[in-house]
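Novice: Handing you a structure now.
Since every read-out is calculated from the coordinates, none of them should be taken as a lab result. Here the structure is a predicted model, which means the values were calculated and not measured. Neighbour counts are summed over all protein chains in view; Cβ atoms, including those assigned to glycine, are modelled from backbone coordinates with ideal geometry.
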Amino acid sequence: MKPQCCDIALRPAHAEDLPALLALEAQFPGDRMTARQFRRHLHSASARFQVAQQGVAVIGASLLFFRSGSDSARLYSLIVAASARAQGIGARLLADAEQAARDRDCQWLRLEVRTDNTAAIALYQRAGYRVVGQRPGYYDDGAAALRMQRAL
Ligand SMILES: CC(C)(COP(=O)(O)OP(=O)(O)OC[C@H]1O[C@@H](n2cnc3c(N)ncnc32)[C@H](O)[C@@H]1OP(=O)(O)O)[C@@H](O)C(=O)NCCC(=O)NCCS
């Protein structure tokens with residue numbers, strides 16, 4: 001049976017989370033955010049940085065961008081610690097980001113994902129995202145991205 005993630009709380013990220021967020025990013029396959037980028041997003045009105053916490057440990061995060069005058073939000077980052085995967089935390093962070101986008105009157109949530117990231121693509125497809133295009137050479141290492149979106 002799938003483990004439950006009921007003891008996991010989602011909350012806004014703050015500056016004290018930075019070391020944990022950088023450690024999470026180190027598990028990410030591909031481009032990584034720097035400490036400076038993290039700090040900028042923490043304080044940006046057009047970004048929503050959310051973390052998943054279990055006990056005192058930060059075990060996941062999502063980063064959502066808004067653009068004024070746009071009816072779509074962009075999921076820039078979604079990550080769950082390798083040790084905490086397959087417990088529904090990624091799906092929960094995603095649903096939480098979607099609700100935040102709805103609350104800001106967005107009609108769409110868009111994202112890019114590496115074409116070889118089967119786990120993330122499966123998560124997004126299961127949540128109702130559809131592939132709407134590709135971006136060749138999108139990542140620093142030259143890998144292509146799929147563009148996906150869903151109506152909110
Ligand atoms: C992608 C990621 C966020 C998924 O997080 P997670 O907490 O393990 O995902 P969940 O447990 O919520 O899984 C939800 C659904 O996603 C799909 N899924 C997740 N991991 C999968 C895997 N390894 N293989 C196939 N499907 C997978 C499944 O459909 C799953 O539902 P199910 O288990 O009921 O079938 C996680 O693997 C991760 O952090 N990867 C590294 C960072 C990354 O690639 N982020 C996305 C960048 S665009």
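Novice: Run the simple label-point estimate for ASP96 and ASP71 please: 7 Å along Cα→C-beta, distance reported in nm.
Specialist: Modelled inter-label distance: 2.8 nm.
Novice: Quick one: of the DSSP bridges fully inside the stretch 13-152, what percent are antiparallel, nearest 5? It would help to have the intermediate numbers written out before the result.
Specialist: Numbers: 26 of 30 bridges.
Antiparallel bridges: around 85 percent, rounded to the nearest 5.
Novice: Where in the stretch 118-152 is the amide nitrogen less than 14 Å from a point lying 7 Å along the Cα-to-Cβ axis of PHE28?
Specialist: 139-141
Novice: Let me ask something else about it. Hey, how much of the P(r) for the chain falls beyond 25 Å, as a percent of Cα pairs?
Specialist: When every Cα pair of the chain is considered, 26 percent fall beyond 25 Å.
Novice: About the Cα centre of the chain, what is the dipole size in debye to 20, counting +1 per Lys and Arg Cβ and -1 per Asp and Glu Cβ, all else neutral?
Specialist: For the chain, the charge dipole is close to 300 debye.
Novice: Hey, what number do you get for the chain at 222 nm if only DSSP H runs of n ≥ 4 count, each worth -39500 (n - 2.57), divided across all residues, to the nearest 500?
Specialist: For the chain, the value works out to -7500 deg cm²/dmol.
Novice: Applying a 10 Å radius around every beta-carbon, put 15-23, 112-120, 57-65, 76-84 in order of their mean neighbour count, most first.
Specialist: The packing order, highest mean first, is 57-65, 76-84, 112-120, 15-23.
Novice: I'd like the distance between the alpha-carbon centres of the stretch 108-152 and the stretch 52-99, rounded to an integer number of Å.
Specialist: Value for the Cα centre distance between the two parts: 15 Å.
Novice: Gain in length, ALA151 to GLN54, computed as 0.36 nm per residue apart minus the alpha-carbon separation, to one decimal in nm?
Specialist: On the way: separation 97, 0.36 × 97 = 34.92 nm, distance 3.03 nm.
Length difference between fully extended and current span is 31.9 nm.
Novice: Among GLN54, GLN37, GLN99, which one shows the biggest mean-square fluctuation in a GNM of the chain, springs joining Cα atoms closer than 10 Å?
Specialist: Maximum fluctuation in the GNM of the chain, among the listed residues, is at GLN37.
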